[in-house]
Amino acid sequence: MIAGIHFQNCWFLTAEKCWFYSTAYNKLTEDSYIAKGTFYNLFENKSEFMYHMMIHERTRAKEKLLSYLNGSGKLTRDSLSDYLKWLSTENPNVFAFLTDVEKKRLVSSWSDKYIEDENNDSDTMHMLISLLESPAEDPDWKLACNYMKLIAVSLTTKKVFIKENYNAMIDSLIEQIVDILCG
């Protein structure tokens, strides 16, 4: 699967230049030095590739989280805030490279196996809470999760927000998340 990981890493360079569905397979494979046949051996189609890209980027974001842990292996209030700011600026979200039409087309083409398990939100938030140095007594993880999703959605739809206050909005959402989780 090394070729698949290489291909996924190279895809972001191609994605900056052109949109996903308007990008031909040969452009994706050419830019990553992978034969078109290899692409089809790794992925059934572009939709499956995008699903694996999403998983790849989530893994990268979880790995980055580890770099924010202190010497005791915990997240402080400040390091949680810094990590969330990294997420909101780095945007390891494959949907950021897609047009609205492409997003709808992609999601509608995914089978049930590509749709997130309901337990994923709970698992992710409880993992995050378990890493906190001083978690709130009974944090509303669902609300914090929804705020995190609002940030992710806003990153892919920036044009609908008032530009001058966009960063203040993101900072406010991050502050709310930190307050919910850290008390």
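The table that follows gives values for the structure above.
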{"read-out": "Separation of the LYS85 and ALA136 label points, Cα + 7 Å toward Cβ, nm", "value": "2.1 nm"}
{"read-out": "Least to most buried among ILE174, ILE180 (fewest other Cβ within 10 Å first)", "value": "ILE180, ILE174"}
{"read-out": "Which listed pairs, of LYS85/LYS159; LYS85/LYS142; LYS62/LYS149; LYS74/LYS158, have C-alpha distances above 22 Å, in listed order", "value": "LYS74/LYS158"}
{"read-out": "Cβ-based exposure ranking for VAL153, VAL160, VAL178, in which fewest neighbours within 10 Å come first", "value": "VAL160, VAL153, VAL178"}
{"read-out": "Under 14 Å, Cβ to Cβ, from PRO139 - net charge with Lys/Arg +1 and Asp/Glu -1", "value": "-4"}
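Here, each number is a calculation from the coordinates, and none is a lab measurement. As the structure is a computational prediction, the values presented were derived from the model and not from experiment. For neighbour counting, all protein chains shown are included, and Cβ atoms are generated from backbone atoms with ideal geometry for every residue, glycine included.
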